[in-house]
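K.L.:
Please find one structure pasted underneath; my questions will follow.
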Amino acid sequence: MTLTVRVITPDKIVWDAEAEEIILPSSTGQLGILTGHAPLLTALNIGVLRVRPGKDWQSIAIMGGFAEVENNEVKVLVNGAEMGNKINKETAQQIYNQAQTELDEANKAGDRRKVLQAQQAWRKARARYQAAGGLV
């Protein structure tokens, strides 16, 4: 028995296939889902969703949203998502490094608004870089 997994953004379906297992970046930590999981509705953080359709894992960078689990169906509704294998790792690393620099500068400046914006950009850059195979 398998899970039916759908990852949906406002403008496209990023993943719509069967899977053996899925790991969600929920607001309370990593959440593993297998067949027969109890019904669940959870908020998702910016991070990496991992799905295992066979024996190999696929990574998807997600930009926050919600997931619903019911009757071996996992619906993931997110603000944005990108398959890890379609992200250029070197470019993602450069963007991550730039976001880290901007976050450090915002923290030094002490401007709360700029710190929050820099943290958000850093989380998104980190998720993309992780999904591309960088950072563990």
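The values are calculated or read from the model by the stated rules, or taken from the named source; none is laboratory data. All of these numbers come straight from a predicted model, not from anything done at the bench. Cβ placement follows ideal geometry from the backbone for every residue including glycine, while neighbour counts extend to all protein chains displayed. For accessibility, only protein heavy atoms count, side chains too; no ligands or nucleic acids. Shrake-Rupley method; radii C 1.70, N 1.55, O 1.52, S 1.80 Å.
K.L.:
Looking at the chain as a GNM with Cα springs under 10 Å, which of GLY29, GLY65, GLY110 has the largest mean-square fluctuation?
P.N.:
Of GLY29, GLY65, GLY110, the Gaussian network model singles out GLY110 as fluctuating most.
K.L.:
Say the dipole of the range 3-85 comes from +1 at the beta carbon of Lys and Arg and -1 at that of Asp and Glu; which of VAL51, THR4, MET63 then lies farthest toward its positive end?
P.N.:
MET63
K.L.:
Note down the nm distance, to one decimal, between modelled labels 7 Å out along Cα→Cβ at ARG6 and at LEU34.
P.N.:
2.6 nm
K.L.:
Also: Using a Gaussian network model on the chain with a 10 Å cutoff between Cα atoms, which of ASN72, ASN45, ASN88 fluctuates the most?
P.N.:
Greatest mean-square fluctuation among the candidates belongs to ASN88.
K.L.:
With unit charges on the beta carbons (Lys and Arg positive, Asp and Glu negative) and the dipole taken about the Cα centre of the chain, which residue among ALA118, ALA92, LEU40 sits farthest to the positive side?
P.N.:
My answer, from the dipole projection, is ALA118.
K.L.:
For helix 112-131, report the angle its Cα long axis makes with the longest principal axis of the Cα atoms of the chain; keep it between 0 and 90° and round to the nearest 10°.
P.N.:
Tilt of helix 112-131: around 50 degrees.
K.L.:
Net charge around VAL74, counting only other residues with Cβ within less than 15 Å of its Cβ (Lys, Arg = +1; Asp, Glu = -1)?
P.N.:
Values: positive: ARG6, ARG50, ARG52, LYS75; negative: ASP16, GLU18, GLU20, GLU21, GLU68, GLU70, GLU73.
Net charge around VAL74: -3.
K.L.:
Here is a further query. Hey, got the dipole for the range 1-116? About the Cα centre, +1 on K and R Cβ, -1 on D and E Cβ, debye to the nearest 20? Mind showing how you got there, number by number?
P.N.:
Working: 12 positive and 15 negative charges, 50 e Å.
Dipole size: approximately 240 debye.
K.L.:
Pairs of lysines 8 or more apart, or on different chains, with alpha carbons under 18 Å: count those in the chain, would you?
P.N.:
Numbers: LYS12/LYS75; LYS12/LYS86; LYS86/LYS124; LYS89/LYS124; LYS114/LYS124.
Close lysine pairs under the 18 Å cut-off: 5.
K.L.:
Moving on. Order LYS86, LYS75 by their accessible area, 1.4 angstrom probe, all chains in place, largest first. Before the final figure, lay out the partial values.
P.N.:
On the way: LYS86 160, LYS75 80 Å².
The most accessible residue leads, giving LYS86, LYS75.
K.L.:
What value, in deg cm²/dmol to 500, does the helix sum -39500 (n - 2.57) over DSSP H runs of n ≥ 4 give at 222 nm once divided by the residues of the chain? Write out the running numbers ahead of the final one.
P.N.:
Values: 2 runs with 41 residues, N = 136.
Only helices count here, giving -10500 deg cm²/dmol.
K.L.:
How large is the charge dipole for the range 88-132, taken about the Cα centre, if only the Cβ atoms of Lys, Arg (+1) and Asp, Glu (-1) carry charge, to the nearest 20 debye? Mind showing how you got there, number by number?
P.N.:
Details: 9 positive and 5 negative charges, 45 e Å.
So the magnitude is around 220 debye.
K.L.:
By how many degrees, 0 to 90 and rounded to 10, does the Cα axis of helix 89-109 deviate from the longest principal axis of the chain?
P.N.:
50 degrees
K.L.:
What residue among PRO53, PRO39, PRO25 shows peak mean-square fluctuation when the chain is described by a Gaussian network model with Cα springs under 10 Å?
P.N.:
Judging by the Gaussian network model, the answer is PRO39.
K.L.:
What part of the accessible area of the range 88-132, given as a whole %, is carbon or sulfur when the probe is 1.4 angstrom? Could you put the intermediate results ahead of the total?
P.N.:
Values: 1270 of 3010 Å².
The value for the range 88-132 is 42 percent carbon and sulfur by accessible area.
K.L.:
Rounded to the nearest 0.05, what FRET efficiency do TRP57 and ASN97 have when you use their Cβ-Cβ distance and R0 = 22 Å? Please report the intermediate quantities before stating the final value.
P.N.:
Details: r = 25 Å, r/R0 = 1.15.
Efficiency, from the Cβ-Cβ distance: 0.30.
K.L.:
Could I ask something else about it? Does the range 3-85 come out rounded, prolate or oblate, given a ≥ b ≥ c as the square roots of the eigenvalues of its C-alpha gyration tensor, rounded meaning a/c under 1.5 and, failing that, prolate meaning a/b above b/c? Intermediate results must be reported in sequence, preceding the final value.
P.N.:
Numbers: a/c = 1.37, a/b = 1.12, b/c = 1.22.
Rounded, since a/c falls under 1.5.
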